[in-house]
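Everything below concerns the one structure shown next.
The values are calculated or read from the model by the stated rules, or taken from the named source; none is laboratory data. Because the structure is a prediction, the values reported are computed rather than measured. In this analysis, Cβ positions are derived from the backbone assuming ideal geometry, glycine residues included, and neighbour counts consider all displayed protein chains.
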Amino acid sequence: MTECDWCNLSEEDKKYLLCESGYWSVFLADEQDYIGRCILVLKRHCGSMAELNADEWNELRELVCKLESCLKAVLGAALFNWSCLMNSFYKAAAPDPHLHIHVRPRYDKPVMINGRAYTDGEFGHHYALHKSGAIPAEDREEVFIRLKERLKC
């Protein structure tokens with residue numbers, strides 16, 4: 001567990017921390033392949049959703065509601081793709097997964113950030129794998145500021 005990336009976040013890794021609750025941390029994802037993409041990370045090392053206790057489940061539900069409401073209000077998200085894909089942990093010889101959940105907001109209209117329009121070309125379809133997540137740093141920062149101002153854990 002001491003080598004778990006999620007358990008050993010540096011201050012630089014925490015740069016895009018949107019909020020923290022009792023059991024979860026919410027980050028704006030490094031990859032913004034879908035504008036506003038976030039990652040919810042359980043604060044304790046835990047290998048699967050089945051291992052969550054009742055309080056962690058309840059708080060997760062509250063965060064899902066708050067985050068969806070925030071992404072709708074701030075960026076105009078129309079729907080959300082939630083995923084808990086632990087595959088990368090199992091590439092290691094001795095897998096030691098840490099529960100985290102991705103949310104990909106989806107948009108039926110372009111999202112405007114600093115005068116640039118971002119269009120969800122796959123809206124209404126499964127999210128694209130290996131889609132470029134590169135957006136200008138100032139746009140990512142703007143998304144972070146907008147979400148952080150609104151999202152209260």
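Quick rundown of the values:
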| read-out | value |
| --- | --- |
| Where a residue in region 127-142 is of a type outside the set (Lys, Arg) and loosely packed, with under 15 Cβ neighbours inside 10 Å and its partner, wherever it lies, is modelled with pLDDT of 95 or more and not in a loop (DSSP other than H, G, I, E, B), with Cβ under 8 Å and at least six apart | Pro136/Arg116 |
| Failed condition for Glu138, given (1) of a type outside the set (Phe, Trp, Tyr); (2) within 22 Å of Phe27 (Cβ to Cβ); (3) touching a Ser or Thr at 6+ places or on another chain (Cβ under 8 Å) | (3) |
| Residue in region 45-57 that is of a type outside the set (A, V, I, L, M) and touching a Ser or Thr at 6+ places or on another chain (Cβ under 8 Å) present | no |
| In region 63-81, the residues that are within 12 Å of the chain's Cα centre (by Cα) and under 15 Å from Gln32 (Cα atoms) | Leu71, Phe80, Asn81 |
| Leading residue by the ranking (surrounded by the fewest Cβ atoms within 10 Å (Cβ to Cβ)) among those in region 1-42 that are part of a loop (DSSP other than H, G, I, E, B), among the aromatic types (Phe, Trp, Tyr) and modelled with pLDDT of 90 or more | Tyr23 |
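Let's see how each residue does on (1) farther than 17 Å from Asp30 by Cβ; (2) free of Cβ contacts under 8 Å to residues at least 24 places away in the same chain; (3) surrounded by fewer than 16 Cβ atoms within 10 Å (Cβ to Cβ); (4) of a type outside the set (S, T, N, Q):
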| residue | (1), (2), (3), (4) |
| --- | --- |
| Asn53 | yes, yes, yes, no |
| Leu63 | yes, no, no, yes |
| Leu75 | yes, no, no, yes |
| Asn81 | yes, no, yes, no |
| His100 | no, no, no, yes |
| Arg106 | yes, no, no, yes |
| Lys109 | yes, no, yes, yes |
